[in-house]
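The values are calculated or read from the model by the stated rules, or taken from the named source; none is laboratory data. This one's a predicted model, so the numbers in the text were calculated from it and none came from an experiment. Cβ placement follows ideal geometry from the backbone for every residue including glycine, while neighbour counts extend to all protein chains displayed. When the accessible area is computed, the model is the full protein with side chains, heavy atoms only, and any ligands, DNA or RNA have been set aside. Shrake-Rupley method; radii C 1.70, N 1.55, O 1.52, S 1.80 Å.
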Amino acid sequence: MILWKIAAAKRRPDSVFIRRIAGLSAIDEAIGRAAELGKPILFNAGTEDYTNIQSLAALGVLGHVANKCAVYGISILVTTPKPVMVPILEDVIRSAFENAGRPELMHECEVRFISTQSDLAALGTAALMKDREVASAFLFGAYDYTSLLYSEGGQLAGCMQIAGTAEYYQIPFFIASCDYVVIVEELFACSSYLSRDPVMLGSVAGQDYGKLLLLGLIVTGVLLSTLYGVGNPINGFERLFHF
């Protein structure tokens with residue numbers, strides 16, 4: 001199903017439907033807030049590198065955010081604890097600014113490697129939020145125990161914060177300290193919706209169809225076991241199929 005939906009998305013991207021998640025409106029609102037205040041935004045792509053699927057989803061969100069910032073003339077500050085992510089993040093921002101026809105604004109953006117230690121990277125990002133008076137912060141990707149250090153920095157800076165992660169045990173900390181949270185699978189759907197990449201669109205849609213199929217099989221199995229397998233499901237199926 002996934003391969004079929006990917007092929008369909010490559011032929012016609014508009015044929016694959018993904019509903020608009022409420023968090024997408026919050027992203028646009030946060031970018032608009034920065035434009036009104038004339039202050040920069042901060043983006044953090046998590047604590048992992050490009051080998052993590054959540055980091056790839058975060059890059060899709062960053063491309064959309066950078067494109068909007070190019071349109072409104074907003075500078076972007078990006079932090080990462082992974083040195084290998086620096087050129088990747090720079091390339092995403094540069095491509096977005098060039099596609100928007102504003103390549104000259106690239107020099108106002110910064111991609112900073114802070115530290116390979118998670119706690120130092122989080123504290124450095126929090127300090128940057130406060131020093132640069134960031135208007136909005138985007139925290140997307142895989143996060144560890146330092147998730148609250150990142151979002152607490154945004155609270156101290158008084159900026160609007162939107163977070164998204166598939167690490168379900170970090171979600172409560174983001175909910176307590178951020179204005180909006182994109183939860184678990186919404187992160188991948190959000191990135192697919194924004195980037196319109198055929199592979200990502202097809203993967204999300206194909207997995208949804210697969211879940212529906214599995215749900216149907218589970219319901220069918222429960223009904224058959226309930227109706228024909230009282231006391232002994234095996235004997236029930238034998239009676240059902242006349243074995």
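Summary table
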{"item": "Candidates Glu104, Glu90 - the one that is within 21 Å of the chain's Cα centre (by Cα), in a helix (DSSP H, G or I) and acidic (Asp, Glu)", "result": "Glu90"}
{"item": "Residue among Lys68, Lys39 that is assigned to a helix (DSSP H, G or I) and among the charged types (D, E, K, R)", "result": "Lys68"}
{"item": "Checklist (1) within 24 Å of Ser136 (Cβ to Cβ); (2) out of contact with any strand residue (DSSP E or B) (no Cβ under 6 Å at 6 or more places or on another chain); (3) modelled with pLDDT under 90 applied to Val204, failing item", "result": "(1)"}
{"item": "Those residues of segment 107-121 which are part of a helix (DSSP H, G or I), open to solvent by less than 60 Å² (accessible area, probe 1.4 Å) and charged (D, E, K, R), in sequence order", "result": "Asp119"}
{"item": "Candidate set: segment 7-35, residues that are crowded, with 20+ Cβ neighbours inside 10 Å and under 15 Å from Ala205 (Cα atoms); chosen: the one modelled with the lowest pLDDT", "result": "Val16"}
{"item": "Odd one out for Ala176 among (1) open to solvent by 20 Å² or more (accessible area, probe 1.4 Å); (2) assigned to a strand (DSSP E or B)", "result": "(2)"}
{"item": "Checklist (1) assigned to a loop (DSSP other than H, G, I, E, B); (2) closer than 20 Å to Gln170 by Cβ applied to Pro83, failing item", "result": "(2)"}
{"item": "Residue match in segment 49-65 (condition: outside any helix (DSSP H, G or I), within 16 Å of Ile162 (Cβ to Cβ) and in contact with a strand residue (DSSP E or B) (Cβ under 8 Å, 6 or more places away or on another chain))", "result": "no"}
{"item": "Subset of segment 210-243 (residues that are surrounded by 10 or more Cβ atoms within 10 Å (Cβ to Cβ), over 30 Å from Ile2 (Cα atoms) and either modelled with pLDDT of 90 or more or of a type in the set (Phe, Trp, Tyr) (or both))", "result": "Tyr228, Phe237"}
{"item": "Filtered residue count, segment 152-170, keeping only those that are open to solvent by 10 Å² or more (accessible area, probe 1.4 Å) and in a helix (DSSP H, G or I)", "result": "4"}
{"item": "Segment 122-151: number of residues that are crowded, with 18+ Cβ neighbours inside 10 Å, assigned to a helix (DSSP H, G or I) and within 20 Å of the chain's Cα centre (by Cα)", "result": "6"}
{"item": "Some residue of segment 36-49 being within 15 Å of Tyr143 (Cα to Cα), open to solvent by less than 10 Å² (accessible area, probe 1.4 Å), touching a residue at least 24 places away in the same chain (Cβ under 8 Å) and among the aliphatic types (A, V, I, L, M)", "result": "yes"}
